[in-house]
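Peer 1: Input: one structure, supplied below.
The values are calculated or read from the model by the stated rules, or taken from the named source; none is laboratory data. If you're wondering where the values come from, they're calculated on a predicted model, not measured in any experiment. No Cβ is skipped: glycine too gets one built from the backbone with ideal geometry, and neighbour counts run over all protein chains shown. SASA here: full protein model, heavy atoms, side chains in, ligands and nucleic acids out. Shrake-Rupley method; radii C 1.70, N 1.55, O 1.52, S 1.80 Å.
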Amino acid sequence: MERKPDTQRRTARRRYEEKHKEERKATNGTFSTSIPRQELEEIVSFLKKYGVTKVDLIREGYRVLLNQTKTK
């Protein structure tokens, strides 16, 4: 894949991203996981229908599981 030509804006963004890369890695994380395509499409469809983000889904699911384990 060919890289787009550099513009002032792209160059500035690259410099910014390179400068703040470690800071971003220290403050944020990701879940790198895979699920079956059919299940993924079902979840994405549900999220779109109800206007829920993936992050909100993860946070709410975590809260529910946390409460369930506290009551056991």
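Peer 1: In region 9-40, which residues are of a type in the set (S, T, N, Q) and at pLDDT below 95?
Peer 2: THR11, THR27, ASN28, THR30, SER32, THR33, SER34
Peer 1: Please verify whether region 41-56 includes one or more residues that are surrounded by 10 or more Cβ atoms within 10 Å (Cβ to Cβ), touching a Phe, Trp or Tyr at 6+ places or on another chain (Cβ under 8 Å) and modelled with pLDDT of 90 or more.
Peer 2: Within region 41-56 (the criterion being surrounded by 10 or more Cβ atoms within 10 Å (Cβ to Cβ), touching a Phe, Trp or Tyr at 6+ places or on another chain (Cβ under 8 Å) and modelled with pLDDT of 90 or more), the answer is yes, since at least one residue qualifies.
Peer 1: Okay, next question. Taking into account only those residues within region 1-40 that are assigned to a loop (DSSP other than H, G, I, E, B) and in contact with a helix residue (DSSP H, G or I) (Cβ under 9 Å, 6 or more places away or on another chain), which is most open to solvent (accessible area, probe 1.4 Å)?
Peer 2: It comes out as PHE31.
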